Amino acid sequence: MSDMDPLKCDLLVIGRGMAGMASALFAANRGLSTVQVGMTGEIIFASGLLDLMGVHPIEEKKVWQDPWAAIDSVVGDLPDHPYAHLTKDEINTSFVEVLSFLQNEGLTYCREENYNSRMINPWGKTKVTYCVPKSMWSGVKALPKKPRCLIAGFRGLSDFSARQIVETLQHQWPKLRAAQIPFPDTSHVKEIFTGDILAQSLELSMNRKKLIESVRKHVKDAEVIGMPAILGMHHTDEIISELEEEIGVPVFEIPTPPVSVPGLRLNEAFIRGLSAKGVKQFPQSQVVKVRREKAEEFEVIVGHKPVQHTLLTKGIILASGRFWGSGLYADRHRIRETIFDLPVYQSENRNKWHSDDFLESGGHPINLAGVEIDHLFRPLDSSGRPLFHRLFAAGSILAHHDWMRMKCGSGVSIASAYGAVKASLRLA
């Protein structure tokens, strides 16, 4: 496509992380012609869990069982938090829509609507989260009951240690034990394997049969079995059902460190489903230039030389992330937003970005940096006014939330994407 033949759309989504994917989904579901651009998002590095709100205040490390009560507390204490621009019904509706979409794409999630769930993480600790892949749900149900449980690791999968999980959790869950199992067709190869390679191999029936034979030798009196989250890439629920039927006990996955297979599954489900909904995607494409055109349109140049594309769009949702996603950039003097050069909320000088204590209990001030918005999710200028009528922002680029420590990353991304799309329709 040449500059003489621009692609026109109602909404351009900049970003391919959770906020970008959710924005494209909400827009497509509402009949907006949608284009999505950006580099591979942080989803592939995520655990596959969808947090809503888990910890507040951070410095007190207060963990909430009720995420909705936690949101009420956060909004009361931090009136500029992204959740303050949304109602409970809007946040819940955004989750319902995303979960329904993922289920239609073969990726089922489980949740207790009014409660957080607690589960095992890759290092043998426990964490709270809100929505859990169905493949991990038996582990959530087993944790409070603490039955006899086998944690099975695989030789060659270096980023998952069944022994470490058992030793770390032993005081909470005395009936845990660990086993190291050879993975099908890898025992003769002296090599370290990544989870995605093993997950792809389990799509083959013959490898699943070999795995079942290996696991059976270690089951003994186990009432439930936990394994690293590599049980298939595309047919995980079916693979787990087969394992449970053949082995005779419930099987659950445990997240692995990045790059995680559940994150890859989530990313693929979004890409597949959004394409089916007609979202035009420019993967691995950066925004080169943005110009304002007449009639409130934006002209956007995306891509890499010599192949670049011109887009004409009525509205833009900026979901480019923080530092990891290159939405924000810090030089020796200030933090800046990388596409529009929007004002960024930050401490007055670099010396104030971090606390003296590296392990500061309340986190560092830089974690709250980001773009400030009005009630319609429009970025604000230095005087507190929206910079553009139909430029919106969503996700981790928003200021006034420490998503990692608050355990609210996916929730903020999904809910703010919903709010931004809703605002774009209101202002159309």
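The values are calculated or read from the model by the stated rules, or taken from the named source; none is laboratory data. These figures come from a predicted structure and were not determined experimentally. Backbone-built Cβ (ideal geometry, glycine too); neighbour counts: all protein chains shown. Only protein heavy atoms, including side chains, enter the accessible area calculation; ligands, DNA and RNA are left aside. Shrake-Rupley method; radii C 1.70, N 1.55, O 1.52, S 1.80 Å.
Here region 375-407 is the region considered, the condition is being closer than 11 Å to Leu342 by Cβ, part of a loop (DSSP other than H, G, I, E, B) and of a type outside the set (Phe, Trp, Tyr), and the residue that is most open to solvent (accessible area, probe 1.4 Å) is Ser382. Here is the figure for region 313-352: residues that are crowded, with 18+ Cβ neighbours inside 10 Å, out of contact with any strand residue (DSSP E or B) (no Cβ under 6 Å at 6 or more places or on another chain) and farther than 24 Å from Met21 by Cβ total 1. The set of residues in region 134-183 that are under 18 Å from Ser47 (Cβ atoms), among the charged types (D, E, K, R) and open to solvent by less than 80 Å² (accessible area, probe 1.4 Å) contains only Asp159.
Residues are listed down the side, and each one gets a yes or a no for (1) in contact with a Cys (Cβ under 8 Å, 6 or more places away or on another chain); (2) closer than 20 Å to Glu244 by Cβ; (3) touching a residue at least 40 places away in the same chain (Cβ under 8 Å); (4) part of a loop (DSSP other than H, G, I, E, B):
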{"position": "Val128", "(1), (2), (3), (4)": "no, no, yes, no"}
{"position": "Val132", "(1), (2), (3), (4)": "yes, yes, yes, no"}
{"position": "Ser138", "(1), (2), (3), (4)": "no, yes, yes, no"}
{"position": "Ala152", "(1), (2), (3), (4)": "no, yes, yes, no"}
{"position": "Asp159", "(1), (2), (3), (4)": "no, no, yes, yes"}
{"position": "Arg163", "(1), (2), (3), (4)": "no, no, no, no"}
{"position": "Glu167", "(1), (2), (3), (4)": "no, no, yes, no"}
{"position": "Trp173", "(1), (2), (3), (4)": "yes, no, no, yes"}
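Condition (residue is farther than 25 Å from Met227 by Cα, in contact with a His (Cβ under 9 Å, 6 or more places away or on another chain) and outside any helix (DSSP H, G or I)) applied to region 46-62: is it met by at least one residue? Yes: one or more hits.
For the structure I just gave you, tell me whether Asp237 is surrounded by fewer than 17 Cβ atoms within 10 Å (Cβ to Cβ) and either of a type in the set (Gly, Ala, Ser) or under 22 Å from the mean Cα position of the chain (by Cα) (or both). Walk me through it before giving the result.
Values: surrounded by fewer than 17 Cβ atoms within 10 Å (Cβ to Cβ): yes; either of a type in the set (Gly, Ala, Ser) or under 22 Å from the mean Cα position of the chain (by Cα) (or both): yes.
When the stated conditions are applied, Asp237 passes them.
Restricting attention to region 85-143, the residues being of a type in the set (Lys, Arg) and within 27 Å of Gly273 (Cα to Cα) number 3.
From the list Phe340, Phe323, the lone residue that is closer than 26 Å to Met404 by Cβ, under 27 Å from the mean Cα position of the chain (by Cα) and free of Cβ contacts under 8 Å to residues at least 40 places away in the same chain is Phe323.
Among residues of region 260-287 that are surrounded by 20 or more Cβ atoms within 10 Å (Cβ to Cβ), those with a Cβ under 6 angstrom from a residue that is of a type in the set (S, T, N, Q), sequence gap 6+ or separate chain, pair up as Ser260/Ser47; Val279/Thr34; Val279/Gln36. Count of region 317-333 residues, restricted to those that are in a loop (DSSP other than H, G, I, E, B) and either at pLDDT 90 or above or within 9 Å of Ser396 (Cβ to Cβ) (or both), is 7.
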